[in-house]
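Worksheet: the structure to be examined is printed underneath.
The values are calculated or read from the model by the stated rules, or taken from the named source; none is laboratory data. All figures in this text were calculated on a predicted structure; none of them were measured in a lab. Reconstructed Cβ throughout: ideal geometry from the backbone, glycine too, with neighbour counts over all protein chains shown. We work out accessible area using only protein heavy atoms, side chains counted, and drop any ligands, DNA or RNA first. Shrake-Rupley method; radii C 1.70, N 1.55, O 1.52, S 1.80 Å.
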Amino acid sequence: MKNYVEDGTLIISLQGNVDTSNAEAVEKELNDIVAAVAHQEITLDIEDVEYISSAGLRVILRLLKAEHDVKIINASSDVYEILDMTGFTSMMDVSKAYRKLSVDGCDIIGKGSNGTVYRYSEDIVIKVYHNNDALPDIHRERELARTAFILGVNTAIPYDVVKVDDKYGSVFELLSAKSLTKLIQENPDKKEEYVHIFTDMLKSIHKTHVKAGILPSIRETYLDYANFLKDHLEAAYADKLYKLIEAVPEADTMIHGDYHTNNVHYANNESILIDMDTLAVGNPVFEFASIFNAYHGFALINPNAIFEFLGMDSDLCDYTYDQLMKEYFATDDYSIYDDRCQLLGYTRLLRRTIRRQPELTDKIEQMKGIIYELLDRTDSLAM
């Protein structure tokens, strides 16, 4: 029976079956470890336990009564079912073991700040989160996806959590669908049709209204960005930026928050939205700020960034953004909207660069100059 202590938690690993034949011996060894090792809480790792009988359950129950702060991790599906049926999942924290999968050789179909999406099979995609401790993010995204689905947005809902090396992944069913990026690349003669699909999906998102308190306000996020920049921009400009964002009325409009052609998939005449962890509510101007960055803004930091991110060359990026803006706003001259998108896009990008790459002083100063120019000719942000 292996054991170690991590941040005050005594972690004990059990192996094999725990039944009438060995329950007494298991309990003695367990109690000896608990008595000998200083701890605040106890975690039983049962990844290698194949079966547990009522005698084994009584061992855990007595330990729980004596220690109170006990949880179980890595229960197999069979063992978890036993624990659930006998009420242990109501009495204590019990978590299942996660299937282990490999994405070696799988095509990357999308990549964002939180994770990378792989095509695992014809029917399945896996989003692997960059953060090793991503379980709270995974559960949050699952709930956001369900919320969007219930409200009528066609989205893929994660149905399983897996381990990919030392990281966690969400599994989605995405039947033979391809991203609009991939479809535009493969069928350049149909790019107008696919950008139309891209625009229609965005309109459908923005026609979705959400009750207060269900999703976070994206305006509050941008107010935080502007507040951060008060120490980095000239005072008058920083003040105007904050007030412009503050003046944007709150709205119950659904905002995807990371909308680009990698996150819209298409199959059988149906669009499917993925990557729902940035879902929020607010004025569409904030949506278009992130769209601007995806197709233009990030190129200021690294000319290759957009190709590496979207897989599109600059001409296709320009075309997609231009057609989207023209169709969404029903005008060939969308410059007033573009200024607002750029101002908020560079606000977000400047904060990100100062925090993550402060050594890029030339790029930082260049962005400040762009923001100042945009502020000089912008008196409202709302769309």
Can you find even one residue in region 247-262 that is among the charged types (D, E, K, R), closer than 19 Å to Ser380 by Cα and open to solvent by 30 Å² or more (accessible area, probe 1.4 Å)? yes
Of all residues in region 33-72, count the ones that are part of a helix (DSSP H, G or I) and open to solvent by less than 80 Å² (accessible area, probe 1.4 Å). 13
Condition set within 17 Å of Asn262 (Cα to Cα) and of a type in the set (Gly, Ala, Ser), scope region 300-346, selection farthest from the chain's Cα centre (by Cα): answer is Ser314
Residue count, region 89-140, condition in a loop (DSSP other than H, G, I, E, B), closer than 30 Å to Arg58 by Cβ and at pLDDT 90 or above, comes to 1
Scanning region 1-16 residue by residue, those surrounded by fewer than 16 Cβ atoms within 10 Å (Cβ to Cβ) and touching a residue at least 12 places away in the same chain (Cβ under 8 Å) turn out to be Met1, Val5, Gly8, Thr9, Gln15, Gly16
With the condition kept exactly as written, say whether any residue in region 164-176 is in contact (Cβ under 8 Å) with a residue 60 or more places away in the chain and either assigned to a helix (DSSP H, G or I) or farther than 25 Å from Arg99 by Cβ (or both). no
If I ask for residues that are surrounded by 15 or more Cβ atoms within 10 Å (Cβ to Cβ) and in contact (Cβ under 8 Å) with a residue 12 or more places away in the chain, which ones from region 135-153 would you list? Asp137, Ile138, Glu141, Arg142, Leu144, Ala145, Thr147, Ala148, Leu151, Val153
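Quick check: is even one residue across region 52-65 among the polar types (S, T, N, Q), over 23 Å from Glu24 (Cβ atoms) and either touching an Asp or Glu at 6+ places or on another chain (Cβ under 8 Å) or touching a residue at least 12 places away in the same chain (Cβ under 8 Å) (or both)?
Of region 52-65, the ones among the polar types (S, T, N, Q) are 53-54.
Next, from what is left, pick out any that are over 23 Å from Glu24 (Cβ atoms): none.
No, every residue in region 52-65 fails to be among the polar types (S, T, N, Q), over 23 Å from Glu24 (Cβ atoms) and either touching an Asp or Glu at 6+ places or on another chain (Cβ under 8 Å) or touching a residue at least 12 places away in the same chain (Cβ under 8 Å) (or both).
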Restricting to region 154-178, and then to whatever is under 28 Å from Gln323 (Cβ atoms) and modelled with pLDDT of 90 or more, can you tell me which residue is surrounded by the fewest Cβ atoms within 10 Å (Cβ to Cβ)? Asn154
Restricting attention to region 88-112, which residues are open to solvent by 30 Å² or more (accessible area, probe 1.4 Å), more than 22 Å from Glu186 (Cα to Cα) and touching a residue at least 60 places away in the same chain (Cβ under 8 Å)? Tyr98, Arg99, Lys100, Leu101, Ser102
Scanning for something in contact with a helix residue (DSSP H, G or I) (Cβ under 9 Å, 6 or more places away or on another chain), outside any helix (DSSP H, G or I), among the β-branched types (Val, Ile, Thr) and in contact (Cβ under 8 Å) with a residue 60 or more places away in the chain, does region 376-383 turn up at least one residue? yes
Give the residue that is modelled with the highest pLDDT, with candidates limited to residues of region 269-303 that are part of a loop (DSSP other than H, G, I, E, B) and under 15 Å from Ala156 (Cα atoms). Leu279
Is one or more of the residues making up region 234-244 surrounded by fewer than 16 Cβ atoms within 10 Å (Cβ to Cβ), on the phi < 0 side of the Ramachandran plot, under 20 Å from the mean Cα position of the chain (by Cα) and outside any helix (DSSP H, G or I)? no
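On the given criteria, is Glu373 part of a helix (DSSP H, G or I), open to solvent by less than 30 Å² (accessible area, probe 1.4 Å), at pLDDT 95 or above and among the charged types (D, E, K, R)? Full working, then the answer.
On the way: part of a helix (DSSP H, G or I): yes; open to solvent by less than 30 Å² (accessible area, probe 1.4 Å): no; at pLDDT 95 or above: yes; among the charged types (D, E, K, R): yes.
Here the answer is no, as Glu373 does not meet what is asked.
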